[in-house]
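Worksheet for the structure shown next.
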Amino acid sequence: MTATPILEARNLYRSFGAVTAAKDINIRIQSGEVVGVIGSNGAGKTTFINMVTGFLPPTAGEILFNGRSILGQAPRKITRMGMARSFQVAQLFPELTVLDNMLVALSIAESGYPSFLRPLRNAARIERAETALAEFGVAAFRDHPVTSVPQGTRKLVDIAMALIGNPSMLLLDEPTSGVAVEEKFPLMDSVMQVVRRHGVTVLFVEHDMEIVSRYVSRILAFYAGEVIADGPPAQVLDDPKVQELVVGHGGHGRTRRAS
Amino acid sequence: MMRVDRTEAWLLGAGLALALGALVLPSWLTFLLTIAFAKGLVVQGVVIQMRAGLVSFGQGLYYCIGGYTVGVGGQMVGVHDAFALLLLSMAAAAAVAMVLGLLLTRYREIFFAMLTLAFSMILYGILSKSQSLGSTDGFNVRAVTALGWAPGAGGKMFVYVLTCGCAAVAAVLLHRLSKSSVGHVCEAIRENEVRVEYLGVSPRWMLYATYVLAAATSALGGGLIGMATGHVDPEMAYWTTSGEFIFIALLGGISHVAAPFLAATLFSTVRTYAIQFVPHSWQMILGFVLLGIIIFLPKGLWSLFRRTKAEARA
């Protein structure tokens, strides 16, 4: 018997009018896995992430997180159960500094609901936030308003905020999109380092095949709302169907894998 | 235990000094300050919501509920104690806000603003048609007592001191709120609701709590105005009254808890003198003042203090 998967989707369907964005999706992800999700635009990757995080209810099917159904739960409830996410476009609080962004995230993570009368800033919290920023190598930006920091840094702060509540699973939605080419690998290196240190299970959506094949142990290939391939990177990326429908459509056209 | 920080000490000190000022200040000035600080409290309600990204065009609703509760309490129910009346005002406003908030927190921006306006105009309409409450003329508010003591001829003075006390205590609490986790989460909601939801907190319920708190704060101001002027009328819920509160909020800015009190004082002073010198075009003068503030001090009067501080540091 295998252990209870940390995340399991059973016969998941989602349609928007006549368009079916998810068709009979069955996925089991075990704790500790790092899984990449690939697929061209409109393949259903984001729909899948949105259903898993409670943003979008599936038309039919079941989603289990640690063996418990999370269907019909609000995103905040699912977050509290231990599933955090980052966003394709970093979702931060633009007028707050990098540190205050972290402190807000931390104060919510720490206390369930934030305190009315205790100050946001206290020594212990600031230290924890600084440690988290340092882990991602962005501590130098702590007092900058987030609008003034580089895109890559914003992405890292976004991920750091998702991780500060010690989730057991992290969904990364295109962590390197909008980041300069030369920043992509360093960014992913630091993310994966931190993620491994915390022992978090990761599901990440990514367009760049080089990034995917370098960092994941398993790939799910989506096409027209269906999972057309599921397996180790070498196997999935060499699959002729994936080659034709996903890699060819991805726009990057890069099939070269890191050895 | 919670320590009193410098701003809090300063606020309490200012409240005490102003209250003691009752002994030396001329009565016209203490009256002007009573009205200004009570309005400042109403404006705090507008500002609390602005920090969370909501602009209420109908805060007059709670200002009016506060005033009428004090009036009705004294005239019809037989409650004369000032503290009890103010608590009743806040409770009445909070109760109404708890109901209306369920609907209002589903809306944002202009939709929220217009709905708040609609509710205040509904109250205006109801009060204007209620003969037992004096219709459009309103009615007089009875003199209040304080824990069994009747101030008698010193009634106005008492309300002034009471207003200074309420303003100082409210200012300290609101300052503490703005520095707290909740205060920052509210700012975060203004900036990005989706993220707050994904961090694990419901933006809607946070805004709901903010709305109810703002209602109670504004009602406190309304209750004090009722006591100070000895009269309440439906105009308190009219949309131009709510507009005045937004005017004062913009005048002061939302960056410091003292700003609404300062702005309300300036507003009352400008209005008093403008009416005196140019009785028929005082609104024009207020208009120019607001224009100047928006162009030169977009973050309100308080940015003058910020600037001096920054310069002093440099």
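Computed from the coordinates by the stated procedures, all read-outs in this text should not be read as laboratory data. What you see is a predicted model, and the numbers here were worked out from it, not measured in a lab. Neighbour counts are summed over all protein chains in view; Cβ atoms, including those assigned to glycine, are modelled from backbone coordinates with ideal geometry.
Some notes on this structure:
- Electrostatic dipole magnitude of the protein assembly as shown [Cβ: Lys, Arg +1; Asp, Glu -1; Cα centre; debye, to 20]: 700 debye
- Antiparallel content of DSSP bridges confined to the protein assembly as shown, in %, to 5: 60 percent
- Legend: mean number of C-beta atoms from other chains within 10 angstrom of residue C-beta atoms, peptide A:99-108, equals 5.
- Dipole axis of the range B:6-238 (+1 Lys, Arg; -1 Asp, Glu on Cβ), positive-most option in B:Gly230, B:Leu103, B:Gly152: B:Leu103
- Note on the range B:130-167 and the range B:21-45: Cα centroid distance 14 Å, given to the nearest whole angstrom.
- Rounded to whole Hz, the Karplus (6.51, -1.76, 1.60) HN-Hα couplings of the range A:139-156, x for glycine and proline: 4, 4, 8, 4, 9, 7, x, 5, 5, 9, 9, x, 4, x, 5, 4, 4, 5
- Pairwise centroid distance, computed over Cα atoms, of the range A:1-25 with the range A:165-235, Å: 19 Å
- Among A:Ala124, A:Ala224, A:Ala132, the largest mean-square fluctuation in a Gaussian network model of chain A (Cα springs under 10 Å) belongs to A:Ala124.
- Long-range amide H partners of A:Ala22 with built H, under 5 Å: A:Arg14
- Computed over the range B:97-229, the alpha-carbon pair-distance distribution with 5 angstrom bins reads 2, 8, 13, 15, 15, 15, 13, 9, 6, 3, 1, 0, each value a whole percent.
- Sorted from greatest to least, the principal axis extents spanned by the alpha carbons of chain B come out as 53, 50, 46 Å.
- In the protein assembly as shown, helices alone account for a calculated mean residue ellipticity at 222 nm of -18000 deg cm²/dmol, with every DSSP H run of four or more residues adding -39,500 (n - 2.57).
- Charging the Cβ of each Asp and Glu at -1 and of each Lys and Arg at +1, and nothing else, the dipole of the range A:1-127 about its Cα centre rounds to 220 debye.
- With a Förster radius of 25 Å applied to the beta-carbon distance between B:Gln131 and B:Gln276, the computed FRET efficiency rounds to 0.10.
- Near A:Leu96, the amide H atoms lying under 5 Å from its own belong to A:Val146; only residues 5 or more places off or on other chains count, and H is placed 1.01 Å from N.
- Eigenvalues of the alpha-carbon gyration tensor of the range B:135-177, scaled by 5 and square-rooted, set the equivalent ellipsoid semi-axes at 25, 17, 9 angstrom, largest first.
- Loop-located trypsin sites (Lys or Arg not before Pro) in the range B:1-80, at most 13 other Cβ atoms within 10 Å (DSSP): B:Arg3
- Spacing of the two label points (7 Å from each Cα toward its C-beta) at B:Leu29 and B:Arg6, in nm: 2.8 nm
- Nonlocal amide H pairs with A:Phe222, under 5 Å, H built at 1.01 Å: A:Ile38, A:Gly39, A:Ile228
- Projected area averaged over orientations for the protein assembly as shown, convex hull of C-alpha atoms, nm²: 32.4 nm²
- Divide the volume of the convex hull around the Cα atoms of the range A:179-223 by the residue count and you get 80 Å³ per residue.
- With the Kirkwood sum run over all distinct C-alpha pairs, the range A:119-217 has a hydrodynamic radius of 14.2 Å.
- Here the Kirkwood formula puts the hydrodynamic radius of chain A at 19.0 Å, using every distinct Cα pair.
- 19 Å Cα-Cα threshold exceeded, pairs from A:Lys45/A:Lys241; A:Lys23/A:Lys241; A:Lys155/B:Lys179; A:Lys23/A:Lys155; A:Lys77/B:Lys179: A:Lys155/B:Lys179; A:Lys23/A:Lys155; A:Lys77/B:Lys179
- In the range B:92-141, the trypsin sites (Lys or Arg not before Pro) that fall in loop regions by DSSP, at most 16 other Cβ within 10 Å: B:Arg106, B:Arg108
- Cβ crowding within 10 Å averaged over residues, with B:77-83, A:136-142, A:202-208, B:217-223 ranked highest first: B:217-223, A:202-208, A:136-142, B:77-83
- Rg followed by Dmax, in Å, when the range B:1-158 is reduced to its Cα trace: 18.1, 52
- Residues in the range A:218-244 that a label on A:Asp24 would reach, taking backbone N under 17 Å of a point 7 Å out along Cα→Cβ: A:221-230
- Applied to the range A:197-211, the Karplus parametrisation 6.51 cos²θ - 1.76 cosθ + 1.60 on θ = phi - 60° returns per-residue 3J(HN,Hα) values of 4, 8, x, 8, 6, 10, 10, 10, 8, 8, 8, 7, 5, 5, 5 Hz, with x for Gly and Pro.
- Shielding by other protein chains, B:199-212, mean Cβ within 10 Å: 4
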